[in-house]
Amino acid sequence: MTLQVIVGAQWGDEGKGRIVDWFAAQARYAARFNGGDNAGHTVTVGQRVFKLHLIPSGILQPHIVGILGNGMVVNPQTLVEEMDMLAGNGIPISPARLHLSYAAQLITPAHNALDRALESGRGKDNIGTTGRGIGPAYTDKAARSGLRAVDMLAPDFCEHLGDHVAETNRTLGLHGAPHLDPAPICNQFRLLAEHLKPYITDTAAELDAALRAGQNVLAEGAQGTLLDIDHGTYPFVTSSNTTAPGALTGLGLGLTAAREARVSGVVKAFQTRVGSGPFPTEVSGELADRLRGSGKNPWDEFGTTTGRPRRVGWLDGVLLRYATRLNGLTELVITKLDILTGLDPLRVCVAYKTGQETLTDLPFGPADLHLYEPVYEDLPGWTEDLGTIRDWEDLPAAARGYLERLEHLTGVPVTLASVGPEREQVVEKR
Ligand code: IMP
């Protein structure tokens, strides 16, 4: 059995897409286990930049079978548009290489409308959601009133969809938002159901069989550890389990599937966050502009899904240690190391100060982060351009020193570092 779980170790946007694409060269399956089209995974292949929201990033490797697991919330309209986008770019999508779990929850326009109404009702206390209906869809799932992919196959699907829209209209009314007309939504979903019917399967059984046959399965996490509904900076989190154990429930795998799992935590070389919530190492001004980039490049720090500028800051080693523990990481994969070139010193947060106390761990998880001041350690920077480096030994000593400090802080090895946006701009520690 060879399961590799790839998760974000920060607040999402760590660059998981391109790392999944890298590992997918050796895998048979790439399977998303959580979230929906709130995710935005960017992969650069030659001159082409792919932005994927629902379909696993591994799909860009031609031998990969992509899975949308039962833990996901899937907007069928976005899914069909993404399938068309890929097909239009020469990546053929067919029921032979893309499977949607029958148990995945559906996101409807009613969920989208409710997400927006709830956010505007929160006023200045808003979460800063992506507006993709994620929270309302998971709310319906937990309330056992959600619609699942398999429901699209039933002859009375439109009736259920109509009931769901009517029910959501009642809540929208409470928030002063306009009602939706169920008829056009039913017509839209009838066509989508027709299109997606051949893709709906029992993906849990398929993945179990693949693992038993010794095939490599990549479980591709969306968002990041600190956005996990249970373990993140609650309430400024998403509505799913983004951490590695969620791969099992979100794909329908048993515990034994993870017995020898490789658990890769993708870590951006600095810290970013979109939306509201605490961020102890956040910086502003010139340094922030420098880390964020101009916005001209697809890899600059602007949301792939919403286009919002990301908040940026120094790497937080305390939170990284927390993410290592929660996910059971076996390795760290560092992205965007090249962005740190020219900054000296480089700062890493190694503890927090609160009153007279210095903390190297989080007594109540990341819930109280807003109370803490970061304690930094300064490390030497480097000036060399990293973009053409492919051998670990060729990295400047200061860059290796930075990575070694992260290994020391977390107790797990760094195995890979990206030094540019291109597929091949990766340095592997052998
Ligand atoms: P939601 O997932 O749209 O409900 O948004 C909840 C929080 O998670 C907000 O702060 C979003 O900005 C954040 N979020 C959701 N998806 C992503 C992602 O893929 N990357 C980074 N942040 C995300």
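The values are calculated or read from the model by the stated rules, or taken from the named source; none is laboratory data. Keep in mind that this is a model prediction, so the values were computed, not measured. All Cβ positions, glycine included, derive from the backbone under ideal geometry; neighbour counts span all protein chains shown.
Does the range 148-166 include one or more residues that are under 24 Å from the mean Cα position of the chain (by Cα) and in contact (Cβ under 8 Å) with a residue 12 or more places away in the chain?
Taking the range 148-166 and keeping what is under 24 Å from the mean Cα position of the chain (by Cα), we get 148-149.
Then drop every residue that is not in contact (Cβ under 8 Å) with a residue 12 or more places away in the chain, which leaves 148-149.
For the range 148-166, residues under 24 Å from the mean Cα position of the chain (by Cα) and in contact (Cβ under 8 Å) with a residue 12 or more places away in the chain: present.
Number of residues in the range 86-105 that are surrounded by fewer than 16 Cβ atoms within 10 Å (Cβ to Cβ) and not in a loop (DSSP other than H, G, I, E, B): the value is 2.
Taking the conditions exactly as written (among the β-branched types (Val, Ile, Thr), more than 24 Å from residue 420 (Cα to Cα) and modelled with pLDDT of 95 or more), does residue 283 satisfy them or not?
Working: among the β-branched types (Val, Ile, Thr): yes; more than 24 Å from residue 420 (Cα to Cα): no; modelled with pLDDT of 95 or more: yes.
So residue 283 fails the test.
Among the criteria (1) modelled with pLDDT of 95 or more; (2) part of a loop (DSSP other than H, G, I, E, B); (3) within 14 Å of the ligand (Cβ to nearest atom), the one residue 275 does not fulfil is (1). Scanning the range 231-252 for residues that are out of contact with any helix residue (DSSP H, G or I) (no Cβ under 6 Å at 6 or more places or on another chain), assigned to a loop (DSSP other than H, G, I, E, B) and away from the ligand (no atom under 14 Å from the Cβ) returns a single hit, 245.
Hey, could you check the range 258-272 for residues that are within 16 Å of the ligand (Cβ to nearest atom) and not aliphatic (A, V, I, L, M) and say which is farthest from residue 332 (Cα to Cα)? Can you show your working first?
Filtering the range 258-272 for residues within 16 Å of the ligand (Cβ to nearest atom) gives 265-268, 270-272.
Then keep just the ones that are not aliphatic (A, V, I, L, M); that gives 265, 268, 270-272.
Numbers: 265: 5, 268: 10, 270: 14, 271: 15, 272: 17 Å.
Per the criteria, the residue is 272.
All conditions in (1) more than 16 Å from the ligand (Cβ to nearest atom); (2) in a loop (DSSP other than H, G, I, E, B) hold for residue 189, with the sole exception of (2).
For residues in the range 65-75 being buried (at least 24 other Cβ atoms within 10 Å of the Cβ) and of a type outside the set (Gly, Ala, Ser), which is farthest from residue 188 (Cα to Cα)? Explain how you work it out, then say what you get.
Of the residues in the range 65-75, the ones buried (at least 24 other Cβ atoms within 10 Å of the Cβ) are 66-69, 71-75.
Those still in the list that are of a type outside the set (Gly, Ala, Ser) too: 67-68, 72-75.
On the way: 67: 24, 68: 21, 72: 21, 73: 18, 74: 15, 75: 12 Å.
That would be 67.
Of all the criteria given as (1) assigned to a helix (DSSP H, G or I); (2) over 28 Å from the mean Cα position of the chain (by Cα); (3) in contact (Cβ under 8 Å) with a residue 40 or more places away in the chain, the one not satisfied by residue 180 is (1). Among the residues of the range 201-220, is there at least one that is at negative phi, under 13 Å from the mean Cα position of the chain (by Cα) and either not assigned by TED's automatic domain parsing to the domain that holds residue 155 or not β-branched (Val, Ile, Thr) (or both)? Yes, because at least one residue in the range 201-220 is at negative phi, under 13 Å from the mean Cα position of the chain (by Cα) and either not assigned by TED's automatic domain parsing to the domain that holds residue 155 or not β-branched (Val, Ile, Thr) (or both). Within the range 306-332, the only residue that satisfies the criterion of being within 16 Å of residue 227 (Cα to Cα) and assigned to a loop (DSSP other than H, G, I, E, B) is 310. Among the residues of the range 40-47, are any modelled with pLDDT under 95, within 23 Å of residue 249 (Cβ to Cβ) and crowded, with 24+ Cβ neighbours inside 10 Å? Within the range 40-47, one or more residues are modelled with pLDDT under 95, within 23 Å of residue 249 (Cβ to Cβ) and crowded, with 24+ Cβ neighbours inside 10 Å.
So, residue 390, is that one under 18 Å from residue 262 (Cβ atoms) and free of Cβ contacts under 8 Å to residues at least 60 places away in the same chain or not? Steps first, answer last, please.
On the way: under 18 Å from residue 262 (Cβ atoms): no; free of Cβ contacts under 8 Å to residues at least 60 places away in the same chain: yes.
Taking the combined requirement at face value, the residue does not satisfy it.
For the range 388-430, a residue qualifies if it is under 25 Å from the mean Cα position of the chain (by Cα) and in a loop (DSSP other than H, G, I, E, B), and the qualifying residues are 411, 412, 413, 419, 420, 421, 423, 424, 425, 429. The set of residues in the range 126-146 being closer than 19 Å to residue 167 by Cα, part of a loop (DSSP other than H, G, I, E, B) and either within 11 Å of the ligand (Cβ to nearest atom) or within 18 Å of the chain's Cα centre (by Cα) (or both) consists of 132, 133.
Has the range 50-61 got at least one residue that is surrounded by 24 or more Cβ atoms within 10 Å (Cβ to Cβ), within 16 Å of the ligand (Cβ to nearest atom) and either within 22 Å of residue 236 (Cβ to Cβ) or of a type in the set (Lys, Arg) (or both)? Full working, then the answer.
Initially, the range 50-61 is screened for residues surrounded by 24 or more Cβ atoms within 10 Å (Cβ to Cβ), giving 52, 54-60.
Filter once more, keeping what is within 16 Å of the ligand (Cβ to nearest atom): 52, 54-57.
Filter once more, keeping what is either within 22 Å of residue 236 (Cβ to Cβ) or of a type in the set (Lys, Arg) (or both): none.
No, the conditions are met nowhere in the range 50-61.
What about residue 5, is it more than 16 Å from the ligand (Cβ to nearest atom) and over 16 Å from the mean Cα position of the chain (by Cα)? The answer is no for residue 5. Inside the range 51-67, residues that are touching a residue at least 40 places away in the same chain (Cβ under 8 Å) and either hydroxyl-bearing (Ser, Thr, Tyr) or within 20 Å of residue 425 (Cα to Cα) (or both) make up a count of 4. When 89, 70 are screened for being in contact (Cβ under 8 Å) with a residue 24 or more places away in the chain and farther than 24 Å from residue 243 by Cα, only 89 passes.
Return yes when residue 123 is at positive phi, within 16 Å of the ligand (Cβ to nearest atom) and in contact (Cβ under 8 Å) with a residue 60 or more places away in the chain and no when it is not. Answer is no for this residue.
Report yes if residue 21 is in the same structural domain as residue 215 (by TED's automatic domain parsing), buried (at least 21 other Cβ atoms within 10 Å of the Cβ) and more than 14 Å from the ligand (Cβ to nearest atom), otherwise no. Judged against the criteria, residue 21 is a match.
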